[in-house]
Amino acid sequence: MSFWKNKHVLVATLAAPVLALIAYFGMGAIIGEKPKPAVAGQTYQLVEKPNCRYSSGQCGLKNVDFELTISFERLVNDRLLLNLKSENPLDGVMLALVVNSVEEDTPQKMQPLGNDGLNWSLEIAQPDPERDRLHLVASASQTLYFGDVATRFTSSETGDY
């Protein structure tokens, strides 16, 4: 009698992976960490999305339901106009360019575009996409969100996507 002709072995071979997946996701839902809403007065780290590490023209930052997107426009004299778009209204945004991973420029306030607090801009010097980074702090509803972002996304020809 062949090993695969035994019905018990065949059913166990097919059912085991399905039961393992159900157990994995079920236990994650039961005892896994649940996202909590932001608490006023606290600080939260923003995680850079993968598009920041490639010549994508945009860079996304996220923490649960708080999301920022940075794009850019090229200006004359090796300058960039960074545009920040937020899903949530912001009270203010500070941004600093870190040159060669050592020298941090003085943080600058981004300027709001409109009164809704969703769009912000700032003109900066053209960063070196291979080595420079951006440090960013955004304030929303008395809560601070901070992030560290690669500037590789600025190596594309245009940031308007």
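The values are calculated or read from the model by the stated rules, or taken from the named source; none is laboratory data. All values reported here derive from a predicted model rather than from experimental measurement. Every residue, glycine as well, gets a Cβ built from its backbone with ideal geometry; the counts of neighbours run over all protein chains shown. For accessibility, only protein heavy atoms count, side chains too; no ligands or nucleic acids. Shrake-Rupley method; radii C 1.70, N 1.55, O 1.52, S 1.80 Å.
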Verdict on Leu84 being under 22 Å from Val39 (Cβ atoms) and in contact with a Phe, Trp or Tyr (Cβ under 9 Å, 6 or more places away or on another chain): no
Based on what the data block shows, is Ser56 of a type in the set (S, T, N, Q) and modelled with pLDDT under 90? yes
Would you check if Ala23 is more than 10 Å from the chain's Cα centre (by Cα), outside any loop (DSSP other than H, G, I, E, B) and surrounded by 10 or more Cβ atoms within 10 Å (Cβ to Cβ)? yes
Of the numbered conditions (1) surrounded by 11 or more Cβ atoms within 10 Å (Cβ to Cβ); (2) in contact with a strand residue (DSSP E or B) (Cβ under 8 Å, 6 or more places away or on another chain); (3) not in a helix (DSSP H, G or I), Ser55 fails exactly one; give the number of that condition. (2)
Taking the criterion of being in contact (Cβ under 8 Å) with a residue 60 or more places away in the chain and not aliphatic (A, V, I, L, M), would at least one residue in the range 76-93 satisfy it? yes
Would you be able to say whether some residue in the range 6-13 is on the phi < 0 side of the Ramachandran plot and surrounded by fewer than 10 Cβ atoms within 10 Å (Cβ to Cβ)? yes
Check on Arg74, open to solvent by 80 Å² or more (accessible area, probe 1.4 Å), touching a strand residue (DSSP E or B) at 6+ places or on another chain (Cβ under 8 Å), of a type outside the set (Val, Ile, Thr) and not in a strand (DSSP E or B): no
Return yes or no: is Lys49 within 26 Å of Glu123 (Cβ to Cβ), charged (D, E, K, R) and surrounded by fewer than 17 Cβ atoms within 10 Å (Cβ to Cβ)? no
Can you list residue pairs whose Cβ atoms sit under 6 Å apart, with the first residue in the range 124-135 being more than 12 Å from Phe153 (Cβ to Cβ) and the second being assigned to a loop (DSSP other than H, G, I, E, B) and open to solvent by 40 Å² or more (accessible area, probe 1.4 Å)? Count only pairs 6 or more apart in sequence or on different chains. Gln126/Asp78; Arg131/Asn100
